[in-house]
Amino acid sequence: MITGTGAEPVIQLFHVHKRYGSQTAINDINLTVTKNDFVFITGPSGAGKTTLLRLLFLQEAVSEGQILVNGINLQRIRRAKIPLFRRSMGFVFQDFRLINSYTVYENIALVLETTGQDIRHIRKKVPHVLRMVGLEDRIHAYPPRLSGGEQQRVAIARAAVSNPFILLADELTGNLDTDAADMVFGLLRQLHSRGTTIIVATHDSRLFDKARARIVFLNQGRLEGETKS
Amino acid sequence: MNLTKLSSIFQRVRRNISTSPYLHLAATATIAFSLLVIGVFAMLYVNISALIHSWQQDVRVVAYLKDELSEEWVESLRQSFAKLNGVEEVTYVSKDEAMARLRRQMKHRLSLLEGLRENPLPASFELQLVHGAQTPENLDLLASQLRGFPEVEDLGYGETWFNRFSGFIGFFRLASLIIGGLVIAITVFVCANTIRLTLYAKREEVEIMRLVGATDAFIKTPFYVQNLIEGLLGGLVALVLLFGSFKFLIARIQTPDALLSSCDIRFISFTWCAALLAAGMFVGWFGSYLSLKSFLRS
């Protein structure tokens with residue numbers, strides 16, 4: 001089992017398998033991520049990186065094994081509790097998953113609205129997080145009017161706005177040029193410095209020197225090793 | 001519910017409607033049309049019931065007496081009849097008075113009565129039942145009691161006519177319920193499918209909401225609110241159309257020379273109006289409930 005350096009585990013995977021019919025996407029993975037870890041999950045296409053993140057976010061159910069997040073067994077979580085669980089995490093999706101008919105403000109505010117936060121707090125918090133990602137001037141724009149990099153920054157702002165204790169990001173910089181990628185990683189480092197545990201799935205090894213992180217290698221669904229950047 | 005939730009709900013309602021206005025217009029029009037049909041039935045029901053009720057008020061049992069009863073005997077019978085259960089008023093009609101009535105009714109054909117050597121009409125008692133007790137059962141009961149008096153030769157209370165109308169009212173009630181139920185069911189089906197179309201168009205948005213931690217209630221509430229509003233609007237449109245049609249018809253049929261000029265045609269009561277609005281809202285809500293239930297499970 002590969003474990004982090006911190007004392008307090010926030011994510012634990014025990015012999016996790018994920019199969020789609022006869023195809024195995026995740027094969028017997030054991031992994032522990034401790035509080036405030038910065039983890040890159042890397043590997044070639046089809047290695048199981050996205051599947052692993054989807055399992056952690058309860059978008060998929062494990063076929064075998066067990067996943068604990070903050071001590072919660074994800075296999076035993078009731079359907080009605082899934083929204084509450086997801087609110088405690090942030091997820092930056094590979095395809096951003098922004099609502100095109102909502103403005104940038106509304107996309108981000110939605111996360112806070114689901115938790116029933118006060119409207120005055122939302123009106124302060126959303127511009128604040130947009131300033132962090134450098135998009136305060138795009139607050140009333142609709143996602144289709146934004147560039148790929150801008151959409152990704154909105155997606156990060158949305159994932160970060162509720163101060164999640166874990167942030168998952170899938171192929172974070174796939175659409176970004178070097179400057180935008182630096183900015184995005186600056187944001188992640190900022191969140192990490194505030195205590196957020198960050199897990200980034202990427203196949204791009206050029207990102208590893210952008211943060212001091214654990215690098216976990218996946219290949220054909222298997223965990224093949226770990227190193228540090 | 002706090003201000004944020006309310007604001008969020010109404011923003012999403014506004015967005016839902018503005019993204020597919022024709023779909024929502026169709027749903028509102030369907031509800032309005034269905035409630036209009038139900039409203040027409042309600043008006044027919046209310047007016048026919050009122051008409052039959054007023055006829056029922058006039059229903060009286062006539063006990064025709066044998067000839068040659070003394071005045072004391074007649075008075076004793078009056079007292080006995082007045083004590084019968086459910087009787088409010090007893091009126092004696094003597095043979096002479098009966099003939100006088102007949103003459104008045106046949107004033108244009110008096111020659112038919114001229115050949116009579118003696119008055120063939122019997123004296124009678126007219127028994128008026130207490131208000132609200134003019135049911136076929138009570139009339140039958142009173143008739144059977146009157147038949148027990150040997151002085152009573154015959155009875156008349158239009159039992160065949162009365163039973164026929166009571167049967168008609170029962171049938172009309174049943175038909176109204178069945179047709180109203182069918183119309184409501186069809187409207188619920190149409191509303192549910194309208195919502196399903198809206199949901200289908202918004203499935204990605206709903207999926208994203210779930211990914212950012214929205215509960216089913218958070219997703220569903222705007223759809224419920226939106227359909228309640230559509231139901232209410234549909235109900236209001238139906239009432240306006242019904243009232244407009246009512247006024248138009250009244251103006252046409254209540255001219256002095258019209259056949260129905262003496263009929264007191266009434267609009268449905270406030271309770272009926274409130275019930276129609278409530279029915280519209282229920283139909284909207286139930287349509288959402290059905291489609292959301294299956295959509296969110298999938």
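Since only B:211, B:113, B:94 are under comparison, the one whose Cα sits farthest along the positive direction of the charge dipole of the stretch B:76-212, derived from C-beta charges on Lys, Arg, Asp and Glu, is B:211.
Relative to the longest principal axis of the Cα atoms of chain B, the long axis of helix B:21-58 makes an angle of roughly 10 degrees. Taking every alpha-carbon pair under 8 Å whose residues sit at least 6 apart, the stretch B:60-157 reaches a relative contact order of 52 percent. Using the Cβ of residue B:202 as centre and a radius below 15 Å, the other residues enclosed give a net charge of +3, where K and R count +1 and D and E count -1. Taking the charge dipole of chain A about its Cα centre, with +1 at Lys and Arg Cβ atoms and -1 at Asp and Glu Cβ atoms, the residue from A:162, A:56, A:225 reaching farthest to the positive side is A:162. When the charge dipole of the stretch A:28-168 is built from unit charges on Cβ atoms (+1 for Lys and Arg, -1 for Asp and Glu) and taken about the Cα centre, the candidate among A:41, A:111, A:149 whose Cα reaches farthest toward its positive end is A:111. The candidates B:191, B:273, arranged from most to least accessible area with a 1.4 Å probe in the full protein assembly, appear as B:273, B:191.
Taking label positions 7 Å along the Cα-Cβ direction at both residue B:112 and residue B:74, the computed distance is 2.6 nm, reported to one decimal.
Working value for the stretch A:112-229: equivalent-ellipsoid semi-axes of 28, 17, 13 Å, each the square root of 5 times a Cα gyration tensor eigenvalue, largest first.
Placing +1 at every Lys and Arg Cβ and -1 at every Asp and Glu Cβ, with all other atoms neutral, what dipole size does the stretch B:60-157 have around its Cα centre, in debye to the nearest 20?
460 debye
When you look at the Cβ of every residue in A:90-97, what mean number of other chain Cβ atoms sits within 10 Å? What the average comes to for A:90-97 is 2.
The value of relative contact order for chain B, using C-alpha pairs under 8 Å at least six residues apart, is 31 percent.
At a Förster distance of 25 Å, what's the computed FRET efficiency of residue B:174 paired with residue B:29, Cβ-Cβ distance as r, to 0.05?
Step by step, r from the Cβ atoms, then E = 0.30.
For chain A, relative contact order (Cα pairs under 8 Å, six or more residues apart, normalised by length) works out to 29 percent. Close Lys pairs in chain B (alpha-carbon distance under 21 Å; sequence gap of 8 or more, or different chains): 8. The mean count of C-beta atoms from other chains within 10 Å of the C-beta of residues in A:106-113, rounded to a whole number, is 5. Rounded to the nearest 20 debye, the dipole size of the protein assembly as shown about its Cα centre is 2760 debye, using +1 on the Cβ of Lys and Arg and -1 on the Cβ of Asp and Glu.
Of the peptides A:76-87, A:146-157, the ranking by mean beta-carbon count within 10 Å, highest at the top, reads A:146-157, A:76-87. In chain B, the longest principal axis of the Cα atoms and the axis of helix B:216-253 are about 40 degrees apart. Kirkwood radius and radius of gyration were both taken over the C-alpha atoms of the protein assembly as shown, and their ratio Rg/Rh is 1.34. Backbone amide hydrogens, once placed in the peptide plane, bring residue A:92 within less than 5 Å of A:168, A:169, A:170, excluding anything fewer than 5 places away on its chain. Is any residue of the stretch B:207-239 close enough, with backbone N under 20 Å, to a label point placed 7 angstrom from the Cα of residue A:165 along the Cα-Cβ axis, and if so, which? Counting only backbone N, you get B:212-214. The length gained on full extension between residue B:95 and residue B:251, counted as 0.36 nm times the residue separation minus their Cα-Cα distance, comes to 51.6 nm.
How shielded is A:77-85 by partner chains, expressed as the average number of their Cβ atoms within 10 Å of its Cβ atoms?
3
Ranking A:226, B:204, A:106 from most to least accessible surface, computed with a 1.4 Å probe over the protein chains only, gives B:204, A:226, A:106. Take the Cα of residue A:228, step 7 Å toward its Cβ, do the same at residue B:18, and the gap between the two points is 5.3 nm.
The phi-based Karplus calculation (6.51 cos²θ - 1.76 cosθ + 1.60; θ = phi - 60°) puts the 3J(HN,Hα) values of the stretch A:13-26 at 10, 10, 6, 7, 10, 9, 10, 10, x, 8, 8, 9, 8, 10 Hz, whole numbers, x for Gly and Pro. Counted over the stretch B:60-157 with a bin width of 5 Å, the fraction of Cα pairs per bin, in whole percents, is 2, 13, 22, 22, 15, 13, 8, 5, 1.
Estimated purely from DSSP H runs of n ≥ 4, each contributing -39500 (n - 2.57), the mean residue ellipticity at 222 nm for chain A is -9000 deg cm²/dmol once divided by its residues. Net charge near residue A:103: determine it from the other residues with C-beta under 11 Å of the C-beta of residue A:103, scoring Lys and Arg +1 and Asp and Glu -1. Local net charge: +2.
For residue B:55, the accessible area of its heavy atoms, probed at 1.4 Å with every protein chain present, is near 90 square angstrom.
Pairs of Lys residues in chain A, spaced 8 or more positions apart or belonging to different chains, with C-alpha separations under 26 angstrom: 13 in total. Kindly express, to the nearest 10 degrees and within the range 0 to 90, the angle between helix B:270-297's C-alpha long axis and the longest C-alpha principal axis of chain B. The angle comes out near 40 degrees. Only Cα sites of chain B enter the Debye sum here, all with the same form factor; the resulting log10 I(q)/I(0) across q = 0.15 1/Å is -1.13, listed in q order.
The values are calculated or read from the model by the stated rules, or taken from the named source; none is laboratory data. Quantities reported herein were computed from a predicted structural model and do not represent experimental measurements. Don't worry about glycine lacking a Cβ; one is built from the backbone with ideal geometry, like all the others, and counts go over all protein chains shown. Surface areas here come from the heavy atoms of the whole protein model, side chains and all, with no ligands, DNA or RNA. Shrake-Rupley method; radii C 1.70, N 1.55, O 1.52, S 1.80 Å.
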